[in-house]
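Below is one structure, written out as structure tokens, with a few remarks after it.
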Amino acid sequence: MSSQSMTAAPQSARVRAQAAFETRTVLTNGEQLLVSVLLPALALIGLSATDVPDLGAGRRIDLAVPGVLALAVVSTAFTGQAIATGFDRRYGLLRLLGVTPLGPKGLLAGKAIAVLSVIAVQVVLLGALGLILGWHPHWGGVLLALVVIALAAWAFVALALLLAGALRSEGVLALANLIWVLLLVGGGLIVPTGELPASVGGVVRLLPSGALGDGLRAALAGSGSAWLPLMVLLVWALAGSTLLARTFRWAD
């Protein structure tokens, strides 16, 4: 066999291939599609058809869509990634890929691109559903919303990998789903932090979930400023990434 045929593909090609594989895995997995797309879509329909919970002043659908988009981001970047990575680590897939030409950095880059790709699909589908239901977005804030989403995806992927690297896969599965429910109920995703009790809202505003929800509502509904949410998300992303680089375990 010639030396040319033994040469590994360029790193960029390996990362793209891994990202494509990770994206296909999510989009063809029924359980992950349920959490990533179907549940947020049902939540949006439910919010548009009822007046519970209170979303604050403004057109309800205009406040509901950013909140559901925030929920979708957390579903993909945190819950889905934590569970998938936890089981990949359990079965030795992470350790195997870590010693291939892809390497740990290439693997993480592939996961990040896959997450952003799935989120892009979610934004398009849920945004289209929102428009059908009467959503009138603040179009001037779309670019800002994309920045909020990108920062939130970074922060939540880092937190997902921290969780996946700290616990056994069964524990990751249980805790990731529990956190998803808690964030849905009182994490500032659907219900604005300003509508929560003052003592709770002040804390939730500094969580990545609260910053994501408030940031998207500020960008797409014009409700408040996005500067604090952006700063909160950036701090969580940097802190999570730093801790991840020091503590993540590639095998049980």
*Please report, in debye to the nearest 20, how large the charge dipole of the chain is about its Cα centre when each Lys and Arg carries +1 at its beta carbon and each Asp and Glu carries -1 there.*
760
*Once you put a point 7 Å from the Cα of residue 199 and another 7 Å from the Cα of residue 34, both along the Cβ direction, what distance in nm separates them?*
3.7
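What FRET efficiency do you get for residue 136 and residue 227 if R0 is 30 Å and r is their Cβ-Cβ distance, rounded to the nearest 0.05?
After rounding to 0.05, the efficiency reads 0.80.
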*asked:* Below 14 angstrom from the Cβ of residue 48, what's the summed charge of the other residues (Lys, Arg +1; Asp, Glu -1)?
replied: 0
*Added length on full extension, which subtracts the Cα-Cα distance from 0.36 nm per residue, residue 146 to residue 27*: 40.7 nm
*What is the helix-to-structure angle for 81-90, meaning the angle in degrees between its Cα long axis and the longest Cα principal axis of the chain, kept from 0 to 90 and rounded to the nearest 10?*
30
*Counting each DSSP H run of 4 or more residues in the chain as -39500 (n - 2.57), what helix-only mean residue ellipticity at 222 nm follows after dividing by all residues, to the nearest 500 deg cm²/dmol?*
-23000 deg cm²/dmol
*Mind checking the full-extension length gain between residue 173 and residue 125? Use 0.36 nm per residue of separation minus the Cα-Cα distance, one decimal, nm.*
14.7 nm
*Specify the angular offset, from 0 to 90 degrees and rounded to the nearest 10, of the alpha carbon long axis of helix 103-132 from the longest principal axis of the alpha carbons in the chain.*
30
*Please report, largest first and rounded to whole Å, the three semi-axes of the ellipsoid equivalent to region 82-236, where each semi-axis is the square root of five times an eigenvalue of the C-alpha gyration tensor.*
30, 19, 14
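How high is the FRET efficiency from residue 242 to residue 93, r the C-beta distance, R0 22 Å, rounded to 0.05? Walk me through the numbers before you get to the answer.
Numbers: r = 25 Å, r/R0 = 1.14.
The formula returns an efficiency of 0.30 here.
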*For helix 11-27, report the angle its Cα long axis makes with the longest principal axis of the Cα atoms of the chain; keep it between 0 and 90° and round to the nearest 10°.*
50
*Over the chain, calculate the relative contact order: mean separation of alpha carbon pairs under 8 Å at least 6 apart, over the residue count, as a percent.*
27
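Rule-based calculations on the coordinates, nothing more; no lab input. This structure is a prediction, so every number in the text was calculated from the model and none was measured. In this analysis, Cβ positions are derived from the backbone assuming ideal geometry, glycine residues included, and neighbour counts consider all displayed protein chains.
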